[in-house]
Amino acid sequence: MQILCTSADMKCPWEGQRDQLDGHLSKCAFDALRYIITPLMTENEQLKELIGKFHDDNQQLRDQTGQLAIQANKYQREIQDINQQLAQLKTQLQNQEIKEQERHRSVWEYIDGDNFDAFLRETGVGMATRLAVKCLKPCLIIDEFQNEWMIRFEKFFADNAEMECGTSKARRWYKRAT
Ligand SMILES: [Zn+2]
């Protein structure tokens, strides 16, 4: 019956009769190196285990990265939705503000003036301009928004209905149009 060398685990190819084993072991190169090879084999096994563990960890990390990417996509879409909603709300708010402003707006039409020409002359406005201004009948627009009043003339240079300069005092009359 053939038996293997006791160092067959280290890949010694010898096989022979039991009574020949001692003779082989006395010159078996594998058996002679057992004290070196055994710790190397143990170390090799440990490294293999470690590689296996790293491989598993790597796979787990890949899975997690994939899930995170899916989640990031989802959040990105949600952010886009929220931004759209914000834009819509902003537009709605602006529209409401405009409506609010328009609700408190009143337009006053010019009816008559008193001493306006003399007033302009005194402030140093030239004749050509005074003649042009005489023909203008600017509307007075009053806006009220959040307790603040804004009064302005349409197509005109001044923003006071009553003016005083030097000895001249001028007045203009308006009636509410809208
Ligand atoms: Zn051997």
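When Glu97, Glu78 are checked against the criterion of being assigned to a helix (DSSP H, G or I), touching a residue at least 12 places away in the same chain (Cβ under 8 Å) and either among the hydroxyl-bearing types (Ser, Thr, Tyr) or not assigned by TED's automatic domain parsing to the domain that holds Cys139 (or both), Glu97 stands alone in meeting it.
State which residue is farthest from Asn44 (Cα to Cα) when the search covers only the range 16-27 and only residues that are more than 9 Å from the ligand (Cβ to nearest atom) and not in a helix (DSSP H, G or I).
Within the range 16-27, the subset more than 9 Å from the ligand (Cβ to nearest atom) is 16-20, 22-23, 26.
Next cut, not in a helix (DSSP H, G or I) only: 16-17, 26.
Details: Gly16: 29, Gln17: 32, Ser26: 27 Å.
Ranking the qualifying residues of the range 16-27, first place goes to Gln17.
Given the criterion modelled with pLDDT under 95, of a type in the set (D, E, K, R) and within 9 Å of the ligand (Cβ to nearest atom), identify the matching residue among Asp31, Asp9. Quick ask: steps written out before the conclusion?
Numbers: Asp9 fails: within 9 Å of the ligand (Cβ to nearest atom).
Answer to the selection: Asp31.
The values are calculated or read from the model by the stated rules, or taken from the named source; none is laboratory data. What you see is a predicted model; the values in this text were computed from it and never measured. Cβ sites come from the backbone with ideal geometry, for glycine too, and all protein chains shown count toward neighbours.
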